[in-house]
Amino acid sequence: MRIALLTSNQLRHKYMAARIAEKHEIVALVMEAKYDVIRASSNDEIPIMAEHLAERDRKEKEYFAANGISHEKARLEIPPGAINEPAVFDVLRMAHPELILLFGTHIVKNPILDAFEGRIINLHLGLSPYYRGAATNFWPLVNNEPECVGATIHHATLKTDGGPVLHQVRPDVLSSDGAHDFGCKTIIAAANGLLRLFDLLAVASPPGISQDLSQGKVFRRKDFSAEAVRLMRGNFESGMVASYLQEKSKRDAARPLISVMPSSSSNGARDSG
């Protein structure tokens, strides 16, 4: 397929671009810069929040550093918040993509959504509708719900993370895994799921499965705090992952995955090397 990818500039986004380019032509690549902004109620909170983000960056290097972008045709690099600027729309219009994938950008709005209606899907890191908004694979670990860590691929609409769902995945995790192993393994599972979904979308146009947005939790960037990091770490130290794995079938069944694809394993991760 001819795919336009609107994404960001960190290792996880470059990894996703490389995986897609293995099988498909990326006819436009727009990379919106992403910078972490720590909002703390006191200076004492900043170190633990910064440490959490630094640990994420170290894990991403462990999992993704060997993966570069193998296709950079029509590459456009833009500053934060510029995803809806005319220059982006012009790149997409000239590229004539069959499909546009969003992953890690600010919210995409009109005229892009209108102009490419039915051809835009979003990769949301989190299992929607259970967790929507920001850091949606962090908060399940704060709330002792590792079964809600995953990724959702859905049609992009004006409702944030609210479009009809095409496919969801969970990561394959070990009892020894930490928070950022969950995150990186989710991205690998999402890439695997996307490539399978693209095979389906090349021959069909499934409408997706509507979400019940009355359930679940919504978090914003401002909700991230040192106390939340402490709670999450405490959950790991008290054996949260081992307890989850012992009851995995039951707990996963209580938060069923959604997919329009023929039944097969929704999990999995190829080499994380």
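Mind putting a number on the dipole of the chain about its Cα centre? Charges go on the C-beta only, +1 for Lys and Arg and -1 for Asp and Glu, and I need it in Debye to the nearest 20. Can you show the working numbers first?
On the way: 32 positive and 32 negative charges, 56 e Å.
Dipole size: approximately 280 debye.
Leaving ligands and nucleic acids out of the surface, order VAL37, VAL203 by accessible area at 1.4 Å, largest first. If you can, show how the numbers build up before the last one.
Details: VAL37 95, VAL203 125 Å².
Highest to lowest solvent-accessible surface, that is VAL203, VAL37.
Have a look at LEU201, SER176, LEU141 and report the one farthest towards the positive end of the charge dipole of segment 103-202, computed about the Cα centre with Cβ charges (Lys/Arg +1, Asp/Glu -1).
Towards the positive end, the residue furthest out is LEU201.
Using just the helices of the chain, give the 222 nm mean residue ellipticity in deg cm²/dmol: DSSP H runs with n ≥ 4 each add -39,500 (n - 2.57), and the total is spread over all residues, rounded to 500.
My calculation for the chain gives -10500 deg cm²/dmol from helical runs alone.
Pop a pseudo-label 7 angstrom from the Cα along the beta-carbon direction at both LYS250 and ILE209 and give the gap in nm to one decimal.
2.3 nm
Could you rank ARG19, ARG119, ARG58 by how accessible they are, 1.4 Å probe, largest area first?
Working: ARG19 10, ARG119 85, ARG58 145 Å².
Highest to lowest solvent-accessible surface, that is ARG58, ARG119, ARG19.
For MET1, what accessible surface area do you get with a 1.4 Å probe? Give it in Å², rounded to 10.
40 Å²
Considering only ALA189, ALA135, ALA202, give the residue with the highest GNM mean-square fluctuation for the chain, with springs between Cα atoms whenever their separation is below 10 Å.
Taking springs between Cα atoms under 10 Å, the residue moving most is ALA202.
Roll a 1.4 angstrom probe over the protein heavy atoms and tell me the percent of accessible area of segment 1-141 that is carbon or sulfur. Intermediate values should be presented prior to the final figure.
Values: 3140 of 6210 Å².
Ligands and nucleic acids excluded, carbon and sulfur give 51 percent.
Answer with one residue from GLY163, GLY234, VAL37: the one whose Cα lies farthest towards the positive end of the charge dipole of the chain, charges on Cβ with Lys, Arg +1 and Asp, Glu -1.
GLY163
Could you state the accessible area per residue of the chain in Å², with a 1.4 Å probe and every protein chain left in place? All intermediate terms of the calculation are to be shown ahead of the outcome.
Numbers: 12460 Å² over 273 residues.
I get 46 Å² per residue for the chain.
Heavy atoms only, probe 1.4 Å: what % of the accessible area of segment 166-273 goes to carbon and sulfur, would you let me know?
Numbers: 2750 of 5540 Å².
C and S atoms contribute 50 percent here.
Any idea of ARG75's accessible area? Nearest 10 Å², probe 1.4 Å.
Using a 1.4 Å probe on the heavy atoms, I get roughly 80 Å².
Among DSSP beta bridges whose residues both lie in the chain, state the antiparallel percentage, nearest 5.
Working: 11 of 33 bridges.
Restricted to the chain, the bridges split so that about 35 percent are antiparallel.
Count the lysine pairs in segment 1-131 whose Cα atoms sit under 26 Å apart, keeping only pairs 8 or more residues apart in sequence or on different chains.
15
With +1 on each Lys and Arg Cβ and -1 on each Asp and Glu Cβ, how big is the dipole of segment 138-273 about its Cα centre, in debye rounded to the nearest 20? Please list the in-between numbers first.
Details: 15 positive and 14 negative charges, 53 e Å.
Taking the Cα centre of segment 138-273 as origin, the dipole is about 260 debye.
The values are calculated or read from the model by the stated rules, or taken from the named source; none is laboratory data. The shown structure was predicted, so the numbers you read here are calculated from the model rather than taken from an experiment. Backbone-built Cβ (ideal geometry, glycine too); neighbour counts: all protein chains shown. Please note that ligands, DNA and RNA were not included when accessible areas were found on the heavy atoms of the full protein model with its side chains. Shrake-Rupley method; radii C 1.70, N 1.55, O 1.52, S 1.80 Å.
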